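No lab work stands behind these numbers, since they all come straight from the coordinates. None of the values given here were measured: they were computed from a predicted structure. Heads up, the Cβs are rebuilt from the backbone with ideal geometry, glycines too, and the neighbour counts pull from every protein chain shown.
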Amino acid sequence: MQKIYTILNSCIEYLLVTIFGLLVIDVVWQVVSRYVIGQSSSFTEEFARFSLIWLTVLGAAYINGQKEGHLSMDFLLSKLSGEKRKRRQKVIQICMAIFALVIMVIGGGNLVYTTLSLGQTSSALHVPLGYVYAIVPVCGIIIIFFSIYNIKKQNFL
């Protein structure tokens, strides 16, 4: 499980850096084409929106795997004793996994299925919107894996 975690983290880091780099290039091109050339590119706004969606959802999954880096309010958790804290952290990880399963995997999967079956495409890039939204169920699966990993890593099971 540790090897899968390490490989998955490396792949997500690479994807996040690549998406962010493409987003920066896209926005710079939009500014240059609008103010220097005098004519906006038609695809840059849509590409920036889609890459920001992927960056945000993939970043949320990545941060879930980096348990220390996740933004949380742990004032009450830090007041608990060792065993109570472990149980509470286990409950938190289980709740995150259930949320990811119900909302992201099942709900996101339905969204992807619906948009692909209706044939919805983006206006400028002509990309099927189901491909854009596919990051949601994928990241839901990643969050579930990271939650299970965090539980096993803390010897909660």
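Between 0 and 90 degrees, the angle of helix 108-118 with respect to the longest Cα principal axis of the chain falls at about 30 degrees. Hey, what angle do you get for helix 44-65 against the long axis of the chain, alpha-carbon based, 0 to 90 degrees rounded to 10? Value to nearest ten degrees: 10.
Rg/Rh for the chain (Cα atoms only, Rh after Kirkwood) is 1.08.
Relative to the current alpha-carbon distance between Arg85 and Ile106, full extension at 0.36 nm per residue lengthens the span by 4.5 nm.
According to the Cα-based calculation, Rg over Rh for region 106-147 is 1.09, with Rh computed by the Kirkwood formula. Here's the picture: charge each Lys and Arg Cβ at +1 and each Asp and Glu Cβ at -1 in region 72-157, and of Gly108, Leu80, Gly130 the one pushed furthest to the positive end of that dipole is Leu80.
Per residue, the convex hull around the alpha carbon atoms of region 22-113 comes to 120 Å³. Residues whose amide H comes within less than 5 Å of that of Thr121, counting only those at least five positions distant or on another chain, are Leu129 (H built at 1.01 Å from N in the peptide plane). Counting only Cβ charges, +1 for Lys and Arg and -1 for Asp and Glu, the dipole size of region 2-153 around its Cα centre is about 980 debye.
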